Amino acid sequence: MKAFVSHFSFEFRTGLRDRSLLLMNYLFPLAFYVIVTLLMTQLNPSFRPNVIPAMVGFVILTSLILGLPNPLVSAREAGIFRSYRVNGVPALSVILIPALTTAVHAVIAAVVVTFTAPIFFQAPPPANWGGFVIFLMLTVFVMAGLGMLIGVISANTRITILWSQLIFLPSIMIGGLMIPRSMLTGVLARIGALSPTTYSMEIYDALARSESFDAKVLFSLIILLAVGFLAFALSSYLFSWDSQNTTRRGSAWLALLVLVPLVIGMVLL
């Protein structure tokens, strides 16, 4: 446990000292939050009730989907994981600790958004804070799993950009963050159901806004939990200590299994 705490503390401090991680965890998402919220609330005042869930979702996406995978790949390419293995560090700790520390940074940025939006942008705060915490933790859990999985299966940092953007951009555009799902129709609404943020926004509406909790919301909870657990399980199974090792326990294409709950959601939602 002492070794785990020391490793966690080191990784957390790295997230504050490393310029690229500081940019992805705090500077970029918070600057985007301020600029976009100013713009959106001026152009579309009806966006104001969505400021908190949309911007909280954005900072979590930025930290965990854009920021988490690259350090994992870079550490593997540099042989750092190999030295961990030699010194007896468990594989689970190697992949969990970066995910946990990045998740903490994401939560801190999300808290900043949550408590400043009502002051500076007159955004309504959550009506149910317990429901908001569930929304926040569930979103962090799912995105941390997906970010970790991207880092595990990517052969290099260029590939992480591709996989990360395949999650990040649809989530922003048609995943319910910038444009409510109710405004999307036809094919776009169906494709948007492949984004985890679609389900997290449903959960925010039901729990944090204290709107109706129905079978649709329960379905969204099940979908997100399934995606998160699958992502963590696949990350653990597909983890490789060394980029020079050409063999792994399973094909990287197994990572596509994480899409199964989302495809089911797209069909049934």
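The values are calculated or read from the model by the stated rules, or taken from the named source; none is laboratory data. Remember, predicted model here, so these are calculated numbers, not experimental data. Note: ideal-geometry Cβ built from the backbone for every residue, glycine included; neighbour counts use all protein chains shown.
Listing for the model above:
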| quantity | calculated |
| --- | --- |
| Residue, modelled with the lowest pLDDT, within the range 238-256, restricted to residues that are exposed (fewer than 14 other Cβ atoms within 10 Å of the Cβ) and either touching a Ser or Thr at 6+ places or on another chain (Cβ under 6 Å) or assigned to a helix (DSSP H, G or I) (or both) | Trp253 |
| Inter-residue pairs, beta-carbon under 9 Å, first over 25 Å from Leu138 (Cα atoms) and in the range 57-79, second surrounded by fewer than 24 Cβ atoms within 10 Å (Cβ to Cβ) and of a type in the set (D, E, K, R), 6+ apart | Arg76/Arg82; Arg76/Asp242; Gly79/Asp242 |
| Residue under evaluation Ala91, criteria (1) in contact with a Phe, Trp or Tyr (Cβ under 6 Å, 6 or more places away or on another chain); (2) at pLDDT below 95; (3) buried (at least 20 other Cβ atoms within 10 Å of the Cβ), criterion not met | (3) |
| Sole exception among (1) within 30 Å of Val94 (Cβ to Cβ); (2) in contact with a Leu (Cβ under 9 Å, 6 or more places away or on another chain); (3) buried (at least 23 other Cβ atoms within 10 Å of the Cβ); (4) not basic (Lys, Arg) for Met55, by number | (1) |
| Selection within the range 257-269 - surrounded by fewer than 20 Cβ atoms within 10 Å (Cβ to Cβ) and either touching a strand residue (DSSP E or B) at 6+ places or on another chain (Cβ under 6 Å) or within 17 Å of Ser154 (Cβ to Cβ) (or both) | Leu257, Leu259 |
| Close pairs (6 angstrom Cβ cut-off, 6 or more residues apart or separate chains): closer than 14 Å to Arg190 by Cα and β-branched (Val, Ile, Thr) in the range 255-268, assigned to a helix (DSSP H, G or I) and modelled with pLDDT under 90 anywhere | none |
| Helices (runs of 4 or more DSSP H) contained entirely in the range 66-156, each with at least 2 residues that are closer than 30 Å to Ala206 by Cβ | 91-121, 129-153 |
| Whichever residue in the range 205-219 is of a type outside the set (Asp, Glu) and free of Cβ contacts under 8 Å to residues at least 24 places away in the same chain and, among such residues, is surrounded by the fewest Cβ atoms within 10 Å (Cβ to Cβ) | Ala215 |
